[in-house]
Every structure is written in C-alpha cells, then in structure tokens.
Amino acid sequence: MPRALLLAGLVAALVLGLGLLAAAQPARQGMGTPGACASPAASPMASPAASPMASPSASPAACGTPAASTVLVRSAPTLGRFLTDAQGMTLYVFKKDTPNTSTCTGGCAALWPPFAASPPLTLPAGVGGALGTITRADGTPQVTYDGRPLYHYAGDKQPGDTKGQGIGGVWSVATAM
C-alpha cells in the first residue's frame, strides 16, 4: 500500500510539473525572443508586393496563444525591410530619442503618435532584435524595438505608406534586423 501512494504522488508531481511547463510557453513567447514559436502562419497583411518576411508570424496553435505578431515586416525597394504594426501601418524611430527614452512629446507626439500594444509583444519568426516597453513622461506605455521607441506618423493613411521617412532629417522607418 505505501508503494502505491508513493507512485501516485510521483505521478501527480510529474503531471503538475508538465502542466507548469506548458503554461509557461506563452510567457516565453512574449519576451521578444525571435523564433520562440517558430511555426509560421500567414499574416493578414501578406500581399504579393510584401516581402517574404512580411507574412511569417507565430502560429497560435504552436504557441498556445491566439495572439499574432505584434509587428510585421514589409519591404520597399528604396527602404529595405522595415517594421509595421499588425495592421500594416509603418513604424518609425526618432534620431533624437535616447535608448529606452522618448523625447517626442506634446505637438510632436500628436504628429508622431507613440506605438502602444498589449502583451505579449512578438516579432515574426526570423526577425532579429527584441520588443519591449517604456513608460513615457506622461505615464503612457510605448513599444520599443531594441530600446528604440516606435512611432506612427499621422500623415500615413494606408497600410504600407512611408510618408514620414526622412522628415526633418530625424525620422526614419524602423529598420528590421
């Protein structure tokens, strides 16, 4: 009888341990680790004009979460590969920002809205770098790519627009690694 209890206890501990490992999988995916969920799935932004890197994203079935990639990658002949949000709107970086600090506030932030997204923050499979968040001076969150705060441009109206590229010599599309 004691052996049966010991065996039942070991089986219960093993099942509990496996359950904890499975529950931890979506949390690891959201840590910004590229390829944490390596099964690609077609993105809603995939199009013939888009780069082959524009369509891979984490597979919900493989990752255990319904979330798609937080950002996608597009390509343009003159710009190369750059980041967009999940709806295909281009993301930009500001040369006057310092690592993990946004300096675009007030009227600047009205024209260049900070990019915010809910966790888990994920990149498409095969894209280097890491997504993170900062808290801006006004207390709102902002997504970063390798410590660089990300922004939209109010002049971009359609997915894939890059009208903010080069403005003032300080704004550029967020280049994918």
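The values are calculated or read from the model by the stated rules, or taken from the named source; none is laboratory data. Since the model is a prediction, treat every value here as computed from it, not as a measurement. Using ideal geometry, Cβ is built from the backbone for each residue, glycine included, and neighbour counts are taken over all protein chains shown. Note: areas computed on protein heavy atoms with side chains; ligands, DNA, RNA excluded. Shrake-Rupley method; radii C 1.70, N 1.55, O 1.52, S 1.80 Å.
Looking at region 106-125, which of the residues that are assigned to a helix (DSSP H, G or I) and among the small types (G, A, S) is nearest to Y145 (Cα to Cα)? Top of the filtered list is A109. Scanning region 134-175 for residues that are part of a loop (DSSP other than H, G, I, E, B), of a type in the set (G, A, S) and either touching a residue at least 40 places away in the same chain (Cβ under 8 Å) or within 18 Å of G88 (Cα to Cα) (or both) yields a total of 6. Filtering region 106-118 to residues that are crowded, with 16+ Cβ neighbours inside 10 Å and within 18 Å of the chain's Cα centre (by Cα) leaves P114, F115, A117.
Annotation: of all residues in region 71-105 being hydroxyl-bearing (S, T, Y) and open to solvent by 40 Å² or more (accessible area, probe 1.4 Å), the one that is farthest from L150 (Cα to Cα) is T78.
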